[in-house]
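Accompanying notes for the structure given below.
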Amino acid sequence: MTPHFSVRELTITNTGLVNLPDTEEIQARLVQLAMNLEHVRAILGRRPIYISSGYRTPKVNQAIGGSKTSDHMTGYCADFVPPVRLVEAMRIIENSWLPFDQLILEQAQGIVHISFAPPFRRQILTRQGNSYLPGTLSA
């Protein structure tokens, strides 16, 4: 799809379930997601980022206990491990030009969640347990 992101990488799952997009619309979103992740990679110093979760079919999302309204099921978002500290990655992306909808610090999981769904609210959140608090909060 792009120089650093493949369909396989954005659809990988360890659930044993098939996790491939079944519509052209979602396939197109995955291409756009990969292009946006290229921008994230560039902003974070052009170093590799590890995708821990991208697209999820509703069955895969349910199997892992994901939100019933997760952008993962629409192909708009990904969870990733950045090449810098989590809080630093959040601040760099927050202060960049990059349009995004949600940027969520998930320290317990060691990831950053980024969504590129319209309307691109640039909402910054920190997950603490089952709660989402506004802003980037360090532990």
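The values are calculated or read from the model by the stated rules, or taken from the named source; none is laboratory data. Here the structure is a predicted model, which is why all the values come from computation and not from measurement. Here the Cβ positions follow ideal geometry from the backbone for every residue, glycine too, while neighbour counts run over all protein chains shown. All accessible areas refer to the heavy atoms of the entire protein, side chains included, with ligands and DNA or RNA removed. Shrake-Rupley method; radii C 1.70, N 1.55, O 1.52, S 1.80 Å.
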### Positions within the range 62-113 being among the aliphatic types (A, V, I, L, M), in a strand (DSSP E or B) and under 16 Å from Thr13 (Cβ atoms), in sequence order
Ala78, Ile111
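Name the single residue, out of those in the range 4-32 being among the hydrophobic types (A, V, I, L, M, F, W, C) and in a helix (DSSP H, G or I), that is nearest to Arg85 (Cα to Cα).
Looking only at the range 4-32, we keep the residues that are among the hydrophobic types (A, V, I, L, M, F, W, C), and these are 5, 7, 10, 12, 17-18, 20, 26, 28, 30-31.
Filter once more, keeping what is in a helix (DSSP H, G or I): 7, 10, 26, 28, 30-31.
Working: Val7: 26, Leu10: 22, Ile26: 31, Ala28: 31, Leu30: 26, Val31: 27 Å.
Filtering the range 4-32 for residues that are among the hydrophobic types (A, V, I, L, M, F, W, C) and in a helix (DSSP H, G or I), the one nearest to Arg85 (Cα to Cα) comes out as Leu10.
Can you tell me which residue is most open to solvent (accessible area, probe 1.4 Å) among those in the range 108-139 that are more than 20 Å from Thr69 (Cβ to Cβ) and touching a helix residue (DSSP H, G or I) at 6+ places or on another chain (Cβ under 6 Å)? Even if it seems obvious, please write down each step before you answer.
Of the range 108-139, the ones more than 20 Å from Thr69 (Cβ to Cβ) are 108, 110, 135-139.
Those left that are additionally touching a helix residue (DSSP H, G or I) at 6+ places or on another chain (Cβ under 6 Å): 136, 138-139.
Values: Thr136: 18, Ser138: 79, Ala139: 122 Å².
Going through the qualifying residues, I end up with Ala139.
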### Task
Could you look through the range 30-60, keep only residues that are of a type in the set (Val, Ile, Thr) and over 14 Å from His113 (Cα atoms), and pick out the one that is most open to solvent (accessible area, probe 1.4 Å)?
Val31
### Message
Test of understanding: among Met1, Met35, which residue is more than 26 Å from Ser131 (Cβ to Cβ) and either assigned to a loop (DSSP other than H, G, I, E, B) or at pLDDT below 95 (or both)?
### Response
Met1
### Single match in Ala63, Ala78 (criterion: open to solvent by 30 Å² or more (accessible area, probe 1.4 Å), of a type in the set (Gly, Ala, Ser) and closer than 25 Å to Gly16 by Cα)
Ala63
### Query
In this structure, is Asp101 open to solvent by less than 80 Å² (accessible area, probe 1.4 Å), in contact with a strand residue (DSSP E or B) (Cβ under 7 Å, 6 or more places away or on another chain) and closer than 21 Å to Leu20 by Cβ?
no
### Query
Which pairs do you get when a residue that is closer than 15 Å to Gln62 by Cβ, found in the range 11-30, comes within reach of a residue that is of a type in the set (Gly, Ala, Ser) and surrounded by 14 or more Cβ atoms within 10 Å (Cβ to Cβ), reach meaning Cβ atoms under 6 angstrom, with the pair 6+ apart or on two chains?
Thr15/Ala63
